[in-house]
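Enquirer: I'd like to ask some things about the structure below.
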Amino acid sequence: MKYKNGKRSIVTPTTISIAGTLLTLLLLAKLFISNFSIGKIIALPITLLSLIFSPSSFSSSSSSSSALFKAYVPNFRNVPGVEFYDLGNYQGNKDGWQRNDRILFCVPLRDAAEHLPMFFDHLNKMTYPHNLIDLSFLVSDSSDNTMGVLLSNLQNAQSQQDRSKRFGNIEIFEKDFGQIIGQSFSDRHGFKAQGPRRKLMARARNWLGSVAIKPYHSWVYWRDVDVETIPRTIMEDLMHHDKDVIVPNVWRPLPDWLGNIQPYDLNSWQESEGGLQLANSLDEDAVIVEGYPEYATWRPHLAYMRDPNGNPEDEMELNGIGGVSILSKAKVFRSGSHFPAFSFEKHAETEAFGKLSRRMNFNVIGLPHYVIWHIYEPSKEDLKHMAWMAEEEKRKLEETRLLELYDKIWEIGFDDVREDWTSERDAILKNIDLTGENGKKIEVDWSDDPEDNQAPNAQLAQNENMESTENPQGDIGRAKYPKEVPLEFDPDKN
Amino acid sequence: MKPLRQFSYRLRTSRKIHITIPILLLVGLYFTFFHGNRFSLDFNIVNGKWVNENEHTDYLPFTSKFKLPRFSYKNEHNWMFDDHVDEIIPEGHIAHYDLNKLHSTSDAAINKEKILILTPIQKFHQEYWENLLQLTYPRELIELGFIAPRTPTGDQALAALEAAVDKVQSDKKNQRFSKVTILRQDSVGFNKLTEKERHALEVQKERRASMALARNELLFSTIGPHTSWVLWLDADIIETPASLIQDMTAHDRAVLSANVFQRYYDEEKKQKAIRPYDFNNWQESDTGLELASKMKDDEIIVEGYAEIATYRPLMAYFHDPDNSVAEEMRLDGVGGGCTLVKAEVHRDGAMFPNFPFYHLIETEGFAKMAKRLNYEVFGLPNYLVYHIEEKNV
């Protein structure tokens, strides 16, 4: 009662409701302007309301990054054979997996049948939403059953029970470029082979990239099949850096006799003075390849920058990159950057792709402490060494087998009676007084009369009986027991 | 009922509650809707340490947030303002293309080779469209590609193009083009300059760089596994022979450029006449090479300016109406007015450099790149196509 009659409160229902309305409007406006979306169900009535109350916020919150006005969007929904894409929607977000960014996953294949199961295993475990991944393969110059293995693996992947595990669009391209060189490790990594080989591989990559990329792709990921260990979150790990072109560090495991691990991809490097000088001294069509003593460039390599305890988020500017695992925004390829199949600034393929992309003002980044592991393929020297090692092992095995055989033959052919002799000697000696205390002369009756020896040998006979049960062969030996055994006879020195 | 009534009475009378409840509500709302992102920080173990240990921030390990995965997979796709096209992809669909069977031959129409006509469009000319429609090459073998800049003029061009395309593609089935792809550039793009500025030397580099970008974006988005030929046809080419594609493919050249002329009214002679228009088709000259060798890395040579006298033989001046239209000449630089390219040239990587490539840019740089890839570049000096006459607006 006291309050009722007292001074008027400011907090009347009217003011509260006005304040509430204002605040709600403010909140809704903010909700609208920020790109924050809270699910369709909650947002739908709110947005409708705010459309009524504040239509101005509609135009100002256009999703286009640059312009304030909403760009004109033609409507071709009912027109056959016509597609419209606003490339502004496909520039690549750093949280692409949350914003439905489609990735084009490009894999060049050549005689890769044996690696494909491992590759698909990695693919299936990837955490990036599978429906946003479009796979495209280029099968070229293969003599093994790459195509068959690929198709069966793809069919398995696409008929999985869990629909969220299936991938988006899948395209396989076939194109033979003619093989200059073999695919074995030493063929591929020999110095002379590098220039023409890199140019040929660049052509293959360009054919794949140019036919596979669609206007609606936001990212392009290039991957070799022969990667052994790779994080499941590889896409997200690379993507969240929000760089135009980004590569992880690539190492490979080695057998123990070669020292366990080794940097693999030496194509990722920073340009150096030495490199530029070397480039200037070469003719127009020459191709510098890293990792060969013929071309000493003294460039800092991404691979050697690795610190096992380093922060995996650390970045490093690069000029040339390797092709094992490249994530790039699709706009890089759309703008014309590609894998030069000619000598571009004295480089070709992926290394030149790095150089070209930088020339076109894209950033090219490597992650020195974030490592993926390539499989180990032995080189020709390694193979020789391994063959030698295998031979050696076989030889040792044979040797031990022979030794065992000899031992057996020895055992069968020659009866070892040394133990028996020892025990017998003990048995004999224990009944003999060696001190000669009694002044008695030791007399041995060497006559053949068995009855004379019976008494002192009673104990011995008992022992013999016991042993004979254990060693039946011993009986034979004992039958022709040599009678003239000198007392000081040591069987061990026989 | 009594306790409820008592409670509501309290609500109505207590001032503290009057003030605190709305504030609490607002704070609650704020946290649920706007502050959410900050709480879903990334937690993860890096090198055997929780991320917060590395970052020297302390979150209590027993909160539910602590064990969130490294990345959040909540969909933040902006559903209201986004015209993202979600591709409808058939289930279990595996497409298989054998590119070994793809050819570009001199009998293109007979061999049913697909051609992709690409046009960066900044202004829609009805004459261009009509000329395109009168081409006799079978339409089921023609794909069209357009790219428009993100400007109001681009909007206009798109709207006009939309109407035109709509009309043709909704028409009888055999009159339709096999596919039409229309792209909108992300950047302001290639027409931010007015007509007058367009030919000033200083702005050439910038203009042609953005043009090159547009061409590349268009090319690499539209070239597909069926494409055998690519025809670059500018939006202001308004008159070509009807058998343009058949005529040009018959030469079976990797890169082949037609001669671009312009019809105008000669005030002196009081009659209609033609004059050369495109000077980007040229043969290299010693002077040109010498000029290039003295230039800085980021400088370019462009034709048709008195400041840079290259003395290059220009295809435009080799036109002789008495000679055969099939006459060819070797070129080192091409323009983009009407140029036919085998798709394999582009697939091998020949694109339009938007940076000085051997001091050349855009279509001229493209010709250089094609040559670096061991393709030959040719022109047809007597085969004329006509550029629209620029009215002084």
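Enquirer: Given (1) assigned by TED's automatic domain parsing to the domain that holds A:E236; (2) surrounded by 21 or more Cβ atoms within 10 Å (Cβ to Cβ), where does A:L87 come up short, assuming only one miss?
Expert: The failed condition is (1).
Enquirer: Something else about it: Every residue in the range B:155-185 that is within 13 Å of the chain's Cα centre (by Cα) and either more than 8 Å from chain A (Cβ to nearest Cβ) or more than 14 Å from B:Q122 (Cα to Cα) (or both), please. Full working, then the answer.
Expert: At the first step, the residues of the range B:155-185 found to be within 13 Å of the chain's Cα centre (by Cα) are B:181-185.
Within the range B:155-185, just B:T181 meets the criteria.
Enquirer: Next up: Just to verify a result, which residue in the range B:204-224, among those that are surrounded by 21 or more Cβ atoms within 10 Å (Cβ to Cβ) and over 26 Å from B:E299 (Cα atoms), is farthest from the other protein chains (Cβ to nearest Cβ)?
Expert: My answer is B:T222.
Enquirer: Continuing with this model, one more query. Given the criterion surrounded by 18 or more Cβ atoms within 10 Å (Cβ to Cβ), farther than 30 Å from B:K272 by Cβ and of a type in the set (D, E, K, R), identify the matching residue among B:E344, B:E299. Steps first, answer last, please.
Expert: Values: B:E299 fails: surrounded by 18 or more Cβ atoms within 10 Å (Cβ to Cβ).
Of the residues listed, the single one that is surrounded by 18 or more Cβ atoms within 10 Å (Cβ to Cβ), farther than 30 Å from B:K272 by Cβ and of a type in the set (D, E, K, R) is B:E344.
Enquirer: Within the range B:84-127, which residues are of a type in the set (V, I, T) and either under 30 Å from B:P152 (Cβ atoms) or modelled with pLDDT under 90 (or both)? Break it down stepwise before answering.
Expert: In the first step, residues of the range B:84-127 are kept if they are of a type in the set (V, I, T); the result is B:85, B:88-89, B:94, B:105, B:110, B:115, B:117, B:119, B:121.
Within the range B:84-127, B:V85, B:I88, B:I89, B:I94, B:T105, B:I110, B:I117, B:T119, B:I121 meet the criteria.
Enquirer: I've got another one for you. For the range A:272-362, which fully contained helices (runs of 4 or more DSSP H) count at least 1 residues that are exposed (fewer than 14 other Cβ atoms within 10 Å of the Cβ)? Can you show your working first?
Expert: Numbers: elements: A:273-281, A:330-334, A:349-359.
Correct list: A:273-281.
Enquirer: In addition: Just the residues that are within 11 Å of another protein chain (Cβ to nearest Cβ) and of a type in the set (K, R), please, taken from the range B:4-26.
Expert: Selection gives B:R12, B:R15, B:K16.
Enquirer: Could you list, in sequence order, all residues of the range A:90-99 that are surrounded by fewer than 21 Cβ atoms within 10 Å (Cβ to Cβ) and within 7 Å of chain B (Cβ to nearest Cβ)?
Expert: Initial filter on the range A:90-99 (surrounded by fewer than 21 Cβ atoms within 10 Å (Cβ to Cβ)): A:91, A:93-95, A:98-99.
Once the filter is applied, which keeps residues that are surrounded by fewer than 21 Cβ atoms within 10 Å (Cβ to Cβ) and within 7 Å of chain B (Cβ to nearest Cβ), the range A:90-99 yields A:Q91, A:D95, A:Q98, A:R99.
Enquirer: Looking at (1) within 28 Å of the chain's Cα centre (by Cα); (2) in contact (Cβ under 8 Å) with a residue 40 or more places away in the chain, which is the only condition A:F362 fails?
Expert: With (1) within 28 Å of the chain's Cα centre (by Cα); (2) in contact (Cβ under 8 Å) with a residue 40 or more places away in the chain applied to A:F362, the lone miss is (1).
Enquirer: Show the residue pairs that are 6+ apart or on different chains and have beta-carbon atoms under 8 Å apart, the first residue being within the range B:358-370 and assigned by TED's automatic domain parsing to the domain that holds B:G337, the second being surrounded by fewer than 24 Cβ atoms within 10 Å (Cβ to Cβ) and aromatic (F, W, Y).
Expert: Close Cβ pairs satisfying both conditions: B:I361/B:F355; B:G365/B:F357; B:G365/B:Y358; B:K368/B:F357; B:K368/B:Y358; B:M369/A:F342; B:M369/B:F357.
Enquirer: Another question, then. I'm checking my understanding of the structure. Among residues of the range A:249-269 that are crowded, with 24+ Cβ neighbours inside 10 Å and more than 12 Å from the chain's Cα centre (by Cα), which one is farthest from A:A387 (Cα to Cα)?
Expert: Applying the filter and picking the extreme gives A:W269.
Enquirer: Conditions: (1) surrounded by 18 or more Cβ atoms within 10 Å (Cβ to Cβ); (2) at pLDDT 90 or above. B:N374 meets all but one. Number of the miss?
Expert: That leaves (1) as the condition not met.
Enquirer: Determine whether B:E328 is under 29 Å from the mean Cα position of the chain (by Cα) and either assigned by TED's automatic domain parsing to the domain that holds B:K114 or among the hydrophobic types (A, V, I, L, M, F, W, C) (or both). Write out each step before concluding.
Expert: Values: under 29 Å from the mean Cα position of the chain (by Cα): no; either assigned by TED's automatic domain parsing to the domain that holds B:K114 or among the hydrophobic types (A, V, I, L, M, F, W, C) (or both): yes.
For B:E328, the condition - under 29 Å from the mean Cα position of the chain (by Cα) and either assigned by TED's automatic domain parsing to the domain that holds B:K114 or among the hydrophobic types (A, V, I, L, M, F, W, C) (or both) - is not met.
Enquirer: Which one is surrounded by the most Cβ atoms within 10 Å (Cβ to Cβ) among residues in the range A:151-171 that are more than 9 Å from chain B (Cβ to nearest Cβ) and over 25 Å from the mean Cα position of the chain (by Cα)?
Expert: For the range A:151-171, the residue satisfying everything is A:D162.
Enquirer: Would you say B:G379 is more than 10 Å from chain A (Cβ to nearest Cβ) and part of a loop (DSSP other than H, G, I, E, B)? Before you say what the answer is, go through the steps one by one.
Expert: Values: more than 10 Å from chain A (Cβ to nearest Cβ): yes; part of a loop (DSSP other than H, G, I, E, B): no.
In short, no.
Enquirer: Can you say whether B:P321 is assigned to a loop (DSSP other than H, G, I, E, B) and assigned by TED's automatic domain parsing to the domain that holds B:A214, as far as the supplied structure shows?
Expert: On the way: assigned to a loop (DSSP other than H, G, I, E, B): yes; assigned by TED's automatic domain parsing to the domain that holds B:A214: yes.
Yes, satisfied.
Enquirer: For residues in the range A:403-428 being free of Cβ contacts under 8 Å to residues at least 60 places away in the same chain and of a type in the set (A, V, I, L, M), which is surrounded by the fewest Cβ atoms within 10 Å (Cβ to Cβ)?
Expert: A:I412
Enquirer: Now for a separate question. Starting from the range A:198-226, keep only residues that are outside the structural domain of A:D237 (by TED's automatic domain parsing) and at negative phi, then list their pairs with residues that are outside any helix (DSSP H, G or I) and among the β-branched types (V, I, T) whose Cβ atoms are within a distance under 9 Å, requiring at least 6 positions of separation or different chains.
Expert: none
Enquirer: Next question. Under 20 Å from B:G288 (Cβ atoms) and either modelled with pLDDT of 90 or more or within 20 Å of the chain's Cα centre (by Cα) (or both): which single residue out of B:G349, B:G337, B:G365 fits that description? Quick ask: steps written out before the conclusion?
Expert: On the way: B:G349 fails: under 20 Å from B:G288 (Cβ atoms); B:G337 fails: under 20 Å from B:G288 (Cβ atoms).
Unique residue meeting the criteria: B:G365.
Enquirer: With respect to B:Q262, determine if the residue is assigned to a strand (DSSP E or B), under 30 Å from the mean Cα position of the chain (by Cα), farther than 25 Å from B:F355 by Cβ and in the same structural domain as B:G365 (by TED's automatic domain parsing). Explain how you work it out, then say what you get.
Expert: On the way: assigned to a strand (DSSP E or B): yes; under 30 Å from the mean Cα position of the chain (by Cα): yes; farther than 25 Å from B:F355 by Cβ: yes; in the same structural domain as B:G365 (by TED's automatic domain parsing): yes.
It is true that B:Q262 is assigned to a strand (DSSP E or B), under 30 Å from the mean Cα position of the chain (by Cα), farther than 25 Å from B:F355 by Cβ and in the same structural domain as B:G365 (by TED's automatic domain parsing).
The values are calculated or read from the model by the stated rules, or taken from the named source; none is laboratory data. Since we're looking at a predicted model, the values are computed, not measured. Methodologically, a virtual Cβ is constructed for each residue, glycine included, from the backbone with ideal geometry; neighbour enumeration extends over all protein chains shown.
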